[in-house]
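Engineer: Have a look at the structure that comes next, please.
The values are calculated or read from the model by the stated rules, or taken from the named source; none is laboratory data. As the structure is a computational prediction, the values presented were derived from the model and not from experiment. So basically every Cβ, Gly included, is an ideal-geometry build from the backbone, and we count neighbours across all protein chains shown.
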Amino acid sequence: MREPVEEPVVPPVPAALLVEDRIARDGVAFESVRPGEDGPPSGYTCPDCRGALIAIDGSRERFRCRIGHAWTAEALLGARDSEFEHAVSTALRSLDEKAGLARRLERRSRDRGQWSLAGFYARSAGEAAAPLAPFPRRLARRRYGGGRCAVTVRPLELSRLRRENSTVVTAAGDLTLDGYPQLRDYLLKSAAEDPDGLIADISGLAIQDPALVSVFTLVAMRIGEWPAIPFAVVSTRTEHRDLLRRRTVDRFAAVHADTTAAEAGLDRPVRLRAQQEFARSPRSAAWARQFVTAKCAEWAVPHLRDDACLVVSELVENTIEHTTSAPRVRLDLRRAMFTIAVADDSLVPARLHEGLGLAERGLGLKAVAQIARAWGCSRVWSGGKIVWAVLATPAKPR
């Protein structure tokens with residue numbers, strides 16, 4: 001027995017879906033969108049073409065630009081995350097490079113006796129470094145593919161091992177913009193502890209952005225100035241070593257496949273060093289000058305005695321006046337560079353105050369900055385800081 005079968009009822013296709021189909025198939029231009037087919041302005045712009053996005057069918061969950069690029073709210077948020085991370089990474093890299101270049105010009109100006117110009121470059125370096133202080137930003141999560149999938153970045157894990165001839169810092173996890181200053185400061189603090197050499201083992205590191213390897217260039221330049229120790233980067237992964245070479249990190253730090261080769265390749269110049277702690281006393285600076293005078297004579301650099309005594313006096317007096325610590329003086333002669341460093345337990349960084357006249361008390365770091373080839377303030381793992389200054393020995397006449 002046959003029974004008639006009713007024709008299935010096909011619901012009408014919504015007009016908005018027809019518009020989306022036509023746009024996906026043929027693209028869209030201003031004149032092809034008929035009145036009523038476009039929604040209200042969303043207030044957002046398209047990440048692909050920077051055109052204005054409209055809310056599709058009045059919804060706040062889907063958006064489309066006049067070119068035809070369509071976005072869900074999740075995808076749009078993911079695109080904004082990526083844009084933000086790239087913008088901040090670019091800004092931080094630019095600031096770091098600006099500060100480094102300004103310091104280089106400052107040293108050159110000092111070498112030429114252009115003190116006013118050196119002061120200008122010193123301020124430029126400080127202005128470039130100041131915005132870096134609030135970082136790291138918490139960019140620990142990224143969204144991809146419309147935001148449905150979240151990727152959690154592994155935290156940066158850092159450790160150090162003091163060996164007989166070097167200190168090895170091992171880095172593992174994900175190197176992101178968040179971890180850049182953390183890794184930089186960890187390496188600089190490790191260098192300040194006065195090892196014979198510093199090695200960074202990054203075999204376990206996942207580098208999220210190739211530009212972030214500039215941290216090793218920055219560290220090499222900083223510790224090349226003080227404490228003037230050799231620096232090498234180690235990775236068992238070929239892609240790491242290739243990346244470091246493409247980014248010219250190997251021009252500033254040696255790149256090796258293992259720690260043994262890195263240690264054997266460290267350039268260890270002849271080095272003389274001495275250190276002594278002085279009790280807190282009105283005579284601390286005088287005792288420090290006697291110590292420096294004796295070492296200048298012993299190390300055959302009597303021509304540096306007067307400048308070295310002035311520098312150590314100012315640094316020791318700053319320690320006595322501004323901290324509660326006993327000053328610890330460290331002297332180092334290496335590669336024709338004579339370094340005076342004074343350590344204390346205070347975390348307050350040493351700052352150069354402008355505007356003091358020669359007759360005013362407290363000339364301090366202004367005099368050190370004018371005499372020294374370079375000077376700075378570095379934190380150490382034991383707590384506190386080290387304020388240091390480098391004097392260059394003049395070339396011997398032929």
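Engineer: Name the single residue, out of those in region 260-291 being in contact with a strand residue (DSSP E or B) (Cβ under 9 Å, 6 or more places away or on another chain) and charged (D, E, K, R), that is surrounded by the most Cβ atoms within 10 Å (Cβ to Cβ).
Structural biologist: Looking at residues that are in contact with a strand residue (DSSP E or B) (Cβ under 9 Å, 6 or more places away or on another chain) and charged (D, E, K, R), I get Glu263.
Engineer: What is the residue count in region 292-316 for residues that are under 19 Å from Ala367 (Cβ atoms) and buried (at least 16 other Cβ atoms within 10 Å of the Cβ)?
Structural biologist: Summing the residues that are under 19 Å from Ala367 (Cβ atoms) and buried (at least 16 other Cβ atoms within 10 Å of the Cβ) in region 292-316 gives 15.
Engineer: Please work out which residue is modelled with the highest pLDDT, limiting yourself to region 368-385 and to residues that are part of a loop (DSSP other than H, G, I, E, B) and of a type in the set (A, V, I, L, M, F, W, C).
Structural biologist: Ala372
Engineer: Scan region 331-346 and report the pairs whose first residue is modelled with pLDDT of 90 or more and whose second residue is in a strand (DSSP E or B) and among the acidic types (Asp, Glu), with Cβ atoms within less than 7 Å and a gap of 6+ or a chain change.
Structural biologist: Thr339/Asp332
Engineer: Here's another thing I want to ask about it. Using the structure shown, decide if Ala300 is assigned by TED's automatic domain parsing to the domain that holds Gln275, of a type in the set (Gly, Ala, Ser) and at pLDDT 85 or above.
Structural biologist: In short, yes.
Engineer: How many of the residues in region 192-218 are closer than 23 Å to Thr176 by Cβ, of a type outside the set (A, V, I, L, M, F, W, C) and modelled with pLDDT under 90?
Structural biologist: Adding up the residues that qualify gives 5.
Engineer: Whether any residue in region 230-247 is at pLDDT below 90, touching a Ser or Thr at 6+ places or on another chain (Cβ under 9 Å) and over 23 Å from Ala374 (Cβ atoms) is what I want to check.
Structural biologist: Yes, because at least one residue in region 230-247 is at pLDDT below 90, touching a Ser or Thr at 6+ places or on another chain (Cβ under 9 Å) and over 23 Å from Ala374 (Cβ atoms).
Engineer: While we're looking at this one, here's another question. Ala326 - would you say it is at pLDDT 90 or above and either acidic (Asp, Glu) or not assigned by TED's automatic domain parsing to the domain that holds Arg373 (or both)?
Structural biologist: Criteria not met by Ala326.
Engineer: How many of the residues making up region 386-398 are closer than 18 Å to Gln275 by Cβ and either polar (S, T, N, Q) or modelled with pLDDT under 85 (or both)?
Structural biologist: 0
Engineer: In region 297-316, how many are part of a helix (DSSP H, G or I) and touching a residue at least 40 places away in the same chain (Cβ under 8 Å)?
Structural biologist: Residues that pass the stated criteria total 8.
Engineer: Which pairs do you get when a residue that is at pLDDT 85 or above and among the hydroxyl-bearing types (Ser, Thr, Tyr), found in region 101-115, comes within reach of a residue that is in a helix (DSSP H, G or I) and surrounded by fewer than 18 Cβ atoms within 10 Å (Cβ to Cβ), reach meaning Cβ atoms under 6 angstrom, with the pair 6+ apart or on two chains?
Structural biologist: none
Engineer: Can you name the residue in region 317-334 that is aliphatic (A, V, I, L, M) and surrounded by 18 or more Cβ atoms within 10 Å (Cβ to Cβ) and is also farthest from Ala279 (Cα to Cα) among such residues?
Structural biologist: The qualifying residue farthest from Ala279 (Cα to Cα) is Leu333.
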